[in-house]
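These notes are about the structure you will find just below.
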Amino acid sequence: MPTPFDLTGKTAVVTGSSRGIGRAIAETLALMGARVVVSSRKSEACELVAAGIRERGGEAIVIPCNISRKDEVEALVAGARARLGSIDILVCNAAVNPVFGPMASLADEAFDKIMGANVKSALWLCNLAIPDMAARGGGSVIIVSSIAGLRGTEMIGGYGISKAALFALARNLAVEWGPKNVRVNCIAPGLIRTDFARALWEDEARLEKRTAATPLRRIGQPEEIGAIAAFLASPAASFITGQMIVADGGVTIA
Ligand SMILES: NC(=O)c1ccc[n+]([C@@H]2O[C@H](COP(=O)([O-])OP(=O)(O)OC[C@H]3O[C@@H](n4cnc5c(N)ncnc54)[C@H](OP(=O)(O)O)[C@@H]3O)[C@@H](O)[C@H]2O)c1
């Protein structure tokens, strides 16, 4: 008997899945039975992840894509359909954060780059993938946001604005596509041990301060976000849409 978490027969596209959270998401979706498109800017790194999935009995292919380039985003969606037949699960995970500093010194170019890569690109992906999901009876879109979209910060304000916008994007798309059984949800991770956040956990003193302020007294692992994405993609989450699941060890409620 299939469990409500079973993804057998489903196909998934995961942006930024050569490492970190995206990799864990791709691996967990594959573990639950989905055929997965592993994607990032660097195809060799993606090939290693796809090979690992195949070694464990899963199915994975690679389509490289820089999410900031519309032609590459279009080619990702078209390539996934051509090679796997359909897209049932879309995970908008890749994001950029090129600047650290106060809002007062955030240059227009940096702001545009952040909003383009983190927000506009998610809208491109959704608009390209969702109509076909709808026509085929439904699907699940998962957008990786951040608790930086829920709180004010002194150093990553532009990034926080982009992550807050993703909550609104998910709600709008959930309303627009709910009648066609396409669900759209966000995950808002706290600090997770990946390259992206290395500056925040590599420094011992900083890590200790963060850990002390976290009810679970630790930072997160990529696999802990992978499991949430698999849940949101699965029939177990069939009545959840337009939501945001915070996974931060309790930081934002303490
Ligand atoms: N780590 C955290 O603490 C944390 C907390 C909250 C939210 N998040 C969010 O989680 C998501 C993943 O972050 P992560 O921590 O897993 O980062 P990561 O370990 O640095 O991995 C980033 C992934 O995205 C790819 N990537 C980077 N720029 C890209 C681009 N322009 N186009 C396509 N792919 C690109 C990278 O591969 P290539 O270099 O090969 O392109 C890599 O596969 C992001 O949305 C981030 O905002 C992270």
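Read-outs throughout are calculated quantities, based only on the coordinates presented, and are distinct from any laboratory measurement. What you see is a predicted model, and the numbers here were worked out from it, not measured in a lab. Note that each Cβ is placed from the backbone with ideal geometry, even for glycine, and that neighbours are counted across all protein chains shown.
Kindly express, to the nearest 10 degrees and within the range 0 to 90, the angle between helix 222-233's C-alpha long axis and the longest C-alpha principal axis of the chain. Taking the Cα atoms of the chain, the angle to 222-233 is about 40 degrees. For the chain, the longest principal axis of the C-alpha atoms and the axis of helix 70-84 are separated by about 40°. Of the chymotrypsin sites (Phe, Trp or Tyr not before Pro) found in segment 160-240, those in coil by DSSP whose Cβ has at most 14 other Cβ atoms within 10 Å are PHE239.
The per residue volume of the convex hull around the alpha-carbon atoms of the chain is 129 Å³.
Over the chain, what is the relative contact order in whole percent, taking alpha-carbon pairs under 8 Å and six or more residues apart?
Working: 527 pairs, mean separation 51.6, N = 254.
Once divided by the residue count of the chain, the mean separation gives 20 percent.
Restricting the GluC sites (Glu not before Pro) of segment 178-254 to loop positions (DSSP other than H, G, I, E, B) with no more than 14 neighbouring Cβ atoms within 10 Å leaves GLU202.
The distance from the alpha carbon centre of segment 199-227 to that of segment 49-84 is 30 Å, rounded to a whole number. Summarising the amide proton neighbourhood of ILE245: residues at separation of 5 or more, or on other chains, whose placed amide H is nearer than 5 Å comprise CYS186, ILE187, ALA188. How far, in degrees from 0 to 90, does helix 121-135 lean away from the longest principal axis of the Cα atoms of the chain, to the nearest 10? Helix 121-135 and the main axis of the chain meet at about 30 degrees.
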